[in-house]
Structures are given as structure tokens and as C-alpha cells.
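Undergrad: First the structure, which I've put down as C-alpha cells, then a few questions once you've had a look.
The values are calculated or read from the model by the stated rules, or taken from the named source; none is laboratory data. The structure displayed is predicted, hence computed values, not measured ones. Neighbour counts run over all protein chains shown; Cβ positions are idealised from the backbone, glycine included. Keep in mind that these areas ignore ligands, DNA and RNA; they rest on the heavy atoms of the full protein, side chains included. Shrake-Rupley method; radii C 1.70, N 1.55, O 1.52, S 1.80 Å.
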Amino acid sequence: MHDSSSVTYPVFTAIAAPEVQNKLNGDFAIIAGPYLQNLATGGCELDYTLTFVSEKFISIVFFGVLDEGEKEIFAKIPLNIDVQTGAQLALGDVLNLRDADLLPVLRLLTKKDMVDFSKGIPESWYYNGTNFVFCQRSETGEWLEATVAASDLKKFLLKPELF
């Protein structure tokens, strides 16, 4: 499978807020844990991309691969972080998931994408500076994405100041 292994993850520094710094670094270590454990045996990779950074929140996506015997397990792990508190922002923290119009709007705006909204709105998401990107694992293990402009979701934003 993999000839070499590498694990890369960020270290967050906040001199003025050591509790936020420690919380975020702890969260990153939890994500990296399974990959770090497999470094000795090989067959793992972990990397990340910062998709959005502002003074209010950060979106980061981790990409991981673990060799499990004869097959590889791919993971896409988005984290959306409130910079002030270090708390992870769930989709329900930023979009009004209780609004009955949200799901039909998402279905309409993403009809060209492969994400299946018939099962509801995926909880896995990140922001790229312009768009909400909804992530969903297919039954074959492939990661699918659906992109919707934040400007098209203004009616549903609970924290418009973030976007």
C-alpha cells in the first residue's frame, strides 16, 4: 500500500489565551492519534489544509489514510473552530437546521453534486471563504462534497458575522 508514512498536523499558539491553545492542540492530537500509532508499522498518512482563517473562526480539513490489512481507509475530517473559545462549531451553530426551507434549498442548489441530501443535511462541513462545503462518505467509501455559496444561505445563517 504506502511505501512511507507521514503525519502532519498543526500546532496552535495563542499566548494571550493558553486555555484555547491547549484545547485546540488537544483536539489536533486526538485526530492525529491513530495515525501516530501506525507510524512504526508504516502505512499511514495525515495531512491538513487550512481552508479559511479569520479573527473569528478557522476551517481546517484533515486528510488521512490508514492501511488496514489489504485495504486503505480514507478519512476527511473537517474542523470549524471558534477562535475566541477554541470550541468546535457544529453546523447547527451557524445554520438554522430547524428551518424547514433549508433542506429543499440545499437540494436545489446542490442538484449537480453527488451528496445525498435525502438522508438529511450532512454534519461534516467546512467553509472555504465563499462557500459552505458539505462532506459525505459514499457507500463505497469515497468522500463526496457539495458546495453552496454562503450568500445563498443568508436567510439561514445564525451567525452572519462569521461569514
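Undergrad: Surrounded by 13 or more Cβ atoms within 10 Å (Cβ to Cβ), under 23 Å from ASP152 (Cα atoms) and not acidic (Asp, Glu): does that describe ASN80? Lay out the reasoning, then the answer.
TA: Numbers: surrounded by 13 or more Cβ atoms within 10 Å (Cβ to Cβ): yes; under 23 Å from ASP152 (Cα atoms): yes; not acidic (Asp, Glu): yes.
Yes: the conditions hold for ASN80.
Undergrad: Which residues, taken from segment 149-163, are of a type in the set (Phe, Trp, Tyr) and either closer than 19 Å to THR49 by Cβ or open to solvent by 30 Å² or more (accessible area, probe 1.4 Å) (or both)?
TA: Correct list: PHE163 only.
Undergrad: Sticking with this structure for a sec: Does at least one position in segment 17-30 carry a residue that is touching a residue at least 40 places away in the same chain (Cβ under 8 Å) and in a strand (DSSP E or B)?
TA: No - not one qualifying residue is present in segment 17-30.
Undergrad: I'd like the full set of residues that are open to solvent by less than 40 Å² (accessible area, probe 1.4 Å), out of contact with any helix residue (DSSP H, G or I) (no Cβ under 7 Å at 6 or more places or on another chain) and either among the β-branched types (Val, Ile, Thr) or part of a loop (DSSP other than H, G, I, E, B) (or both), limited to segment 125-148.
TA: Residues satisfying the conditions are GLY129, VAL133, SER138, GLY141.
Undergrad: For segment 83-92, which residues satisfy the criterion of being within 25 Å of SER138 (Cα to Cα) and either open to solvent by 30 Å² or more (accessible area, probe 1.4 Å) or of a type in the set (Phe, Trp, Tyr) (or both)?
TA: Those that are within 25 Å of SER138 (Cα to Cα) and either open to solvent by 30 Å² or more (accessible area, probe 1.4 Å) or of a type in the set (Phe, Trp, Tyr) (or both): GLN88, ALA90, GLY92.
Undergrad: I would also like to ask the following. Collect the residues in segment 93-124 that are outside any helix (DSSP H, G or I), open to solvent by less than 40 Å² (accessible area, probe 1.4 Å) and out of contact with any Phe, Trp or Tyr (no Cβ under 6 Å at 6 or more places or on another chain), keeping them in residue-number order.
TA: Listed by number, the residues that qualify are THR110, GLY120, SER124.
Undergrad: Pull out all pairs, ordered by first then second residue, where Cβ-Cβ is under 6 Å, the residues are six or more apart or on different chains, the first lies in segment 56-77 and is without any contact (Cβ under 8 Å) to a residue 60 or more places away in the chain and under 16 Å from GLN136 (Cβ atoms), and the second is open to solvent by 20 Å² or more (accessible area, probe 1.4 Å) and not in a strand (DSSP E or B).
TA: Listed by first residue and then by second, the contacts come to ILE77/ILE31.
Undergrad: Going through segment 1-58 one residue at a time, which ones are out of contact with any His (no Cβ under 9 Å at 6 or more places or on another chain), of a type in the set (Asp, Glu) and surrounded by 13 or more Cβ atoms within 10 Å (Cβ to Cβ)?
TA: Result: ASP27, ASP47.
Undergrad: Right, ASN80: at pLDDT 85 or above, over 21 Å from TYR127 (Cα atoms) and either of a type in the set (S, T, N, Q) or under 14 Å from the mean Cα position of the chain (by Cα) (or both) or not?
TA: Spelling it out, it is not the case that ASN80 is at pLDDT 85 or above, over 21 Å from TYR127 (Cα atoms) and either of a type in the set (S, T, N, Q) or under 14 Å from the mean Cα position of the chain (by Cα) (or both).
Undergrad: I'm trying to understand the selection: among the residues of segment 83-92, which are outside any loop (DSSP other than H, G, I, E, B) and among the hydrophobic types (A, V, I, L, M, F, W, C)?
TA: Residue satisfying the conditions is LEU91 alone.
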